[in-house]
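For reference, the structure is listed below as structure tokens.
The values are calculated or read from the model by the stated rules, or taken from the named source; none is laboratory data. Because the structure is predicted, anything quoted here is derived from the model rather than measured. Here the Cβ positions follow ideal geometry from the backbone for every residue, glycine too, while neighbour counts run over all protein chains shown.
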Ligand SMILES: Cc1cc2nc3c(=O)[nH]c(=O)nc-3n(C[C@H](O)[C@H](O)[C@H](O)COP(=O)(O)OP(=O)(O)OC[C@H]3O[C@@H](n4cnc5c(N)ncnc54)[C@H](O)[C@@H]3O)c2cc1C
Ligand code: HEM
Ligand code: SF4
Ligand code: SF4
Ligand code: FES
């Protein structure tokens, strides 16, 4: 795959301070926005704890200023910038994807 | 030969002087003689009103007669000192005694000031000062229907309460444009008036009485504005006048408007004569409170045993309970320096609080608290010690629900010299050393320091101090919700209520930091819902998965659907609808433990379609996903069962429909049984109800789950209306005071005073909050709305009910296998096989 930027929807398709799941090349990606859509992040939708496609439905927030998502199933926390698993226990990190917003459209790079 | 001290007046201060001198005079150099005009030794005038509530004169007495004997104090009861000969140094009494003194102490107190209005001498006009006054009033009131109190100050309001307790229609007439004009500002006075009127006392402001009419007996009051108020009885409470008549005759210097002039040593113009208490005039001021009087008594006793002591004026800060309402004021609310005001004005909860701080917000200058004065002790310390305020001083007046002093400047910031208990002059240092010396409970501290044994007003501070010291030496407990909010759930609840904040963003901006997390967001969402009852999806970004999609997420990311079936009663037609929906969407069905039906395996995008059918058929959300009322289980009760004595199903339906949807710190379960055989297992519920021959028994705080707990019996044989009222109060009190995710059973286990305390609150209104709790519950009940009905009609809310934002596909990773004729989620192994096949 190339460095091509792929459109995954409009800003208004997403709810503020929440996640939404998008499908790109058959892959499920969770896209989050924080601080009223001023910052955007994308990670895999699959929670590596119990392999469920649920992360986009997790609550987001921050830990000491770093944005994070809490899985809706068992509350494992992941750093949205790096994908790092930041809770107790031995759980894999997440794959993250570059995101950009241009003229109201959200683009992802499937690197 | 012992030196003779004569004390004229055996009131609260005169008595305290005797007590203090006896304690300090270890060499036994003094002989104390006291004249007591009243027919009994000193009693607690401050709590005089409790005489109406059934306390006897005996209960109120400061010390029994034996005490005077044991301490070798010569007391002349019912004998008034009528003159003093300062040259011969003698006191002569009405009964004809003449006794010599070395030192003389005036503790003659004050009498009620009766304004010279024509007609005040008619029968039916009373003052409120002594036990005899009260006896006379009670006797006279037997033939009366209405009573007016002249004076809307502290004492006037207390007298009004007394009149009300005598079953009289009560009016309070104040000359000034507001109540408690000396302590309160306009907004505080207005709120107090509203509260007091809501308790049935009619308040008349700006009224100056020009005549008291009646033929020998009071029949009406005539005011300067020519209005008339018909009354059978009047209590005058227009201020006090120092009792200085004996001092005047003895030639002591008095103030221009009365009062025996004293200096810093409390000496009068005669170096052998002191004056203390309400008869003493210090720097132009009569201190009409008991605490300064005690300080004076202490200072004189100290001097007599040869130590340095003086009186330097006292703070007039006060906190009182007036007609069931906390009222407190301290410091200066209109200071001469530039200042800022911080105000909470919440007429809905009947709370008004104002802090006056310096312009830089660093120092507290004064304040007013009406409706909730829990913060008083803490604020008084901050004010008296001129301590630096926390960054957000507003925190200081956001009430803490658990009765402890609210956050902010804690007791640990106080200097060691800070006086904690003024009654007994106990400093923070004294208490700390008591703890260091091994005092390991509050009662230990009371025993060895005497702190809190006077009026008890300092107990919240003593408790805080104790806790803080314990924490220092042992386990550190942080009560903060999470890193974003330095407050407990209870504090957040109070903050939201007091400030009217309705959105998370505002709450975060004003009281938190960062962007929130999975702990504080749902806590805030629940609090917004239990306070303002706006549909939970109005702020979707706050809710845990369950609340966010109004359904419980199951292990595979699918959801369950549980409609409400109140009391477990369902018609065949409704049952068929559930069956049909389940069939249409291929859902798994099971009867739950709460007498209703669960459908599993619904995918996110199917939820709105499923609920549309259910809602159209008349079902409502069952809130199985929420921290709120789940089910009210019932047995068939007297309707069918041959043992039943009460209509269990009928009541269960009423209860379930009343409390449905109300968000609480954790889930709530309930049950109703039709008789004592208890088939509905009500005694394992958060609140359970069992029918009796005479009504209903109410049980609370049980739990079935992980840590089973049987309920405690709260009340017996209630009629249905009282039952509902008690449940309203119980639930709101729990919502108000429990920590996040704390079930009622754990809440009860940590509730100070346990079930007895709860009974006191719910049944006896010991905190005076029941009206408020009921009103809050009424609001929640009246604004109930089915969340699913609300959601399916709102495209914006439904936007998130699809798996992908950018296409209409569904989640292909969800797979089911067949089991006993229904679906179940495929395991990870099974999924692999399915893919391989
Ligand atoms: C209903 C009520 C509620 C109150 N509530 C509060 C409160 O909540 N908080 C607070 O701080 N204060 C309160 N006060 C005020 C408080 O009671 C007084 O500040 C306190 O009692 C003053 O004490 P004292 O000893 O100076 O005067 P008193 O208690 O009035 O005692 C003086 C005594 O001296 C006697 N006496 C007078 N002249 C002579 C004489 N010549 N010979 C012999 N005996 C004489 C009098 O009969 C009287 O018994 C309240 C007062 C009342 C009436
Ligand atoms: C023995 C001496 C005292 C007596 C008999 C007395 C009496 C009272 C009374 C009647 C109340 C109202 C209680 C209620 O809320 O129902 C009260 C409350 C209070 N008083 Fe005193 N008072 C005394 C001394 C003092 C002094 C010297 C101070 C400090 C200046 C003080 C501070 C307080 C405080 C802080 C409260 C609030 C208590 C609460 O939290 O409810 N008291 N006192
Ligand atoms: S609790 Fe009593 S009324 Fe209810 S089913 Fe059992 S026996 Fe019958
Ligand atoms: S008991 Fe355990 S497994 Fe059963 S429903 Fe409750 S949480 Fe799930
Ligand atoms: S599946 Fe995400 S935390 Fe368990």
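Listed here are the strands (runs of 3 or more DSSP E) enclosed by segment B:1-96 that have at least 3 residues being over 29 Å from residue B:138 (Cα atoms) and either more than 16 Å from ligand 3 (Cβ to nearest atom) or touching a strand residue (DSSP E or B) at 6+ places or on another chain (Cβ under 8 Å) (or both): B:3-8, B:30-36, B:81-85, B:90-93. Taking each residue of segment B:576-595 that is in contact (Cβ under 8 Å) with a residue 60 or more places away in the chain and looking for partners that are in a helix (DSSP H, G or I) with beta-carbon atoms closer than 7 Å, six or more apart or interchain, yields B:589/B:582. In a helix (DSSP H, G or I) and either more than 10 Å from ligand 1 (Cβ to nearest atom) or touching a residue at least 24 places away in the same chain (Cβ under 8 Å) (or both) - does that describe any residue in segment B:103-115? No, segment B:103-115 contains no residue that is in a helix (DSSP H, G or I) and either more than 10 Å from ligand 1 (Cβ to nearest atom) or touching a residue at least 24 places away in the same chain (Cβ under 8 Å) (or both).
Contact map, segment A:40-65: residues that are in contact (Cβ under 8 Å) with a residue 40 or more places away in the chain and over 15 Å from residue A:22 (Cα atoms) paired with residues that are assigned to a strand (DSSP E or B) and more than 16 Å from ligand 2 (Cβ to nearest atom), Cβ distance under 7 Å, separation 6+ or inter-chain. Pairs shown: A:60/A:19; A:60/A:32; A:60/A:34; A:60/A:67; A:60/A:68; A:60/A:69. Candidates in segment B:626-651 are the residues that are under 18 Å from residue B:670 (Cβ atoms), more than 7 Å from ligand 3 (Cβ to nearest atom) and in a loop (DSSP other than H, G, I, E, B); of these, the one that is nearest to the chain's Cα centre (by Cα) is B:627.
Just to confirm my filter: which strands (runs of 3 or more DSSP E) fall fully inside segment B:261-334 and include at least 3 residues that are within 13 Å of ligand 1 (Cβ to nearest atom)? Fully inside segment B:261-334 and qualifying: B:280-282, B:318-322, B:325-331. Counted as qualifying within segment B:438-511 are the helices (runs of 4 or more DSSP H) with 3 or more residues that are modelled with pLDDT under 85, namely B:442-449, B:459-473, B:489-499. Look through A:80, A:46, A:73 and report the one residue that is surrounded by 21 or more Cβ atoms within 10 Å (Cβ to Cβ) and away from ligand 1 (no atom under 16 Å from the Cβ). Just one listed residue meets the conditions, A:80. Restricting B:824, B:800, B:820 to those that are touching a residue at least 24 places away in the same chain (Cβ under 8 Å) and either away from every other protein chain (no Cβ under 14 Å) or on the phi > 0 side of the Ramachandran plot (or both) reduces the list to B:824. Does segment B:539-557 contain any residue that is surrounded by fewer than 21 Cβ atoms within 10 Å (Cβ to Cβ), more than 14 Å from chain A (Cβ to nearest Cβ) and not in a strand (DSSP E or B)? No, segment B:539-557 has no match at all.
With the checklist (1) at the interface with chain B (Cβ under 8 Å from one of its Cβ atoms); (2) crowded, with 23+ Cβ neighbours inside 10 Å; (3) outside any loop (DSSP other than H, G, I, E, B); (4) without any contact (Cβ under 8 Å) to a residue 60 or more places away in the chain in hand, flag the one item residue A:22 doesn't pass. Residue A:22 satisfies all of (1) at the interface with chain B (Cβ under 8 Å from one of its Cβ atoms); (2) crowded, with 23+ Cβ neighbours inside 10 Å; (3) outside any loop (DSSP other than H, G, I, E, B); (4) without any contact (Cβ under 8 Å) to a residue 60 or more places away in the chain except (4).
Scanning segment B:652-683 for residues that are more than 8 Å from ligand 3 (Cβ to nearest atom), in contact with a helix residue (DSSP H, G or I) (Cβ under 7 Å, 6 or more places away or on another chain) and either farther than 20 Å from residue B:779 by Cα or within 14 Å of another protein chain (Cβ to nearest Cβ) (or both) gives B:652, B:670, B:671, B:672.
Among the residues of segment B:603-625, those identified as closer than 23 Å to residue B:555 by Cβ, away from chain A (no Cβ under 14 Å) and not in a loop (DSSP other than H, G, I, E, B) are B:606, B:608, B:609, B:610, B:611, B:621.
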